[in-house]
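Enquirer: One structure, as structure tokens, below. Some questions next.
The values are calculated or read from the model by the stated rules, or taken from the named source; none is laboratory data. These numbers come from a predicted model, not from an experiment. When we count neighbours, we look across all protein chains shown, and the Cβ atoms used for this are built from the backbone with ideal geometry, even at glycine. These accessible areas exclude ligands, DNA and RNA; they are computed on the full protein's heavy atoms, side chains included. Shrake-Rupley method; radii C 1.70, N 1.55, O 1.52, S 1.80 Å.
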Amino acid sequence: MIPISAVDVRDAEPLVTQVLRSGVLAQGPMVRRLEEEFARIAGVPHAIAVSSGTTALVAALQVLDLEPGDEVVTSPFTFVATLNAILHAGATVRFADVSSDDFCLDPDTVEVTGRTRVLLPVHLYGQPADMGRLAPLAARHDLTIVEDAAQAIGAAFDTAPAGSYGLGCFSLYATKNVTTAEGGVVTTADDELADRLRLLRNQGMRRRYAYEVPGHNYRMTDLHAAVGIPQLARLDDITQARTRNAERLTKSLAGLPGLVVPTALPGRTHVWHQYSVLVTEEAALTRDELAERLAELGVATGVFYPRLAFDYDCFRNHPRVIVGETPVAARLTGQVLSLPVHPGLSEADLDTIVDAVGQALTGHRA
Ligand SMILES: *Cc1c(COP(=O)(O)O)cnc(C)c1O
């Protein structure tokens, strides 16, 4: 079976061994190295490594000192961590809709109220949201931008890297383009927010037992950082391999009946965390039938995401979850299907994927 994601940490051993031998296992010099690399990638002076993408989002929101009732506007077409982080930080979430061009926040659907403080776009599948319109919208209403860039390491809108617009939140979870097993990073150009994020991450301590704010333990370990550093050094290769695979899939799959292939929009650097097609009503099979058929033909797929983030009993009637009309996002949950696009795919794997999709949709090979 061709997997939907594959971990490649074959170059991690020397640094991991170095950490084990050094005896400094928790946050130390490797974390600092990873942070320096990350700041360079996001094009900002500061990167603060934390324990996960979720804690990156929580910390980024906590450092803004939101008041009860303050609102964060985001997309419902995302992993639940986006929503959980907003609720964990004590804020109220207001959902806007997404655009079917990029699967990200549609600026025309963003409702700003007197309580809105944060605009939180999700750069879904590795393509940045429409920052060319979202950034001016945020500026007009004095909103802080917190980017959920969990899937978008190395992506850019025009020349501005993902993570450079305000507070950028990245995930280094095992399935992401770069992984430390578990891990996350917050990036920012703001010196004061960076300083406070470092305090917040480490129990509010500047020096041992010198507490300045109520904090938490959001630290990354040096063992985890050592796993990620070699991948950051070859990030361009990782992204290029994903891009080549995406181009290959699109070249062969475009035009199949009932299938809409994903596109990188002009001016945006897409890092192809996922290659997600839409299976429309014109297709010979439903989305779920296609997924089943592909599994029979040896191709694993993923549905990211089968339901909107708020569409679960635990969030229904939640006093801090404000659900608007999000018809585009709702339609997409029924149509998206992600095909393998990771750098571990061989030419033969790509042929298998293309042939399987063609066979499933037309009865003959693509
Ligand atoms: C992975 C992911 C997260 C959470 O990251 P973790 O490292 O798993 O905590 C948040 N948002 C999105 C869009 C993600 O894909």
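Matching residues to (1) of a type in the set (D, E); (2) away from the ligand (no atom under 15 Å from the Cβ):
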position: A181; (1), (2): no, no
position: E192; (1), (2): yes, yes
position: E212; (1), (2): yes, yes
position: A225; (1), (2): no, no
position: L235; (1), (2): no, yes
position: A254; (1), (2): no, yes
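Enquirer: Within region 338-349, which residues are without any contact (Cβ under 8 Å) to a residue 40 or more places away in the chain and either aliphatic (A, V, I, L, M) or open to solvent by 60 Å² or more (accessible area, probe 1.4 Å) (or both)?
Expert: E347, A348
Enquirer: Separate question: Among the strands (runs of 3 or more DSSP E) contained in region 105-218, which hold 2 or more residues that are open to solvent by 30 Å² or more (accessible area, probe 1.4 Å) and in contact (Cβ under 8 Å) with a residue 60 or more places away in the chain?
Expert: Ranges flagged: none.
Enquirer: Please pick out the residue among A56, A85, A60 that is within 14 Å of the ligand (Cβ to nearest atom), in contact with a Gly (Cβ under 6 Å, 6 or more places away or on another chain) and in a helix (DSSP H, G or I).
Expert: A56
Enquirer: Follow-up. Give region 228-240 a look and list any residue that's out of contact with any Leu (no Cβ under 8 Å at 6 or more places or on another chain) and in a helix (DSSP H, G or I), or say none.
Expert: Q231, A233, L235, D236, D237, I238, T239, Q240
One line per residue, one yes/no per condition, for (1) acidic (D, E); (2) buried (at least 20 other Cβ atoms within 10 Å of the Cβ); (3) touching a strand residue (DSSP E or B) at 6+ places or on another chain (Cβ under 8 Å):
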site	(1), (2), (3)
P262	no, yes, yes
E281	yes, no, no
T286	no, no, yes
R293	no, no, no
L297	no, no, no
D313	yes, no, no
A330	no, no, no
D351	yes, no, no
V354	no, yes, no
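Enquirer: Of the residues that make up region 87-94, is at least one within 23 Å of S338 (Cβ to Cβ) and surrounded by 24 or more Cβ atoms within 10 Å (Cβ to Cβ)?
Expert: Checked against the condition, which is being within 23 Å of S338 (Cβ to Cβ) and surrounded by 24 or more Cβ atoms within 10 Å (Cβ to Cβ), region 87-94 yields no hits at all.
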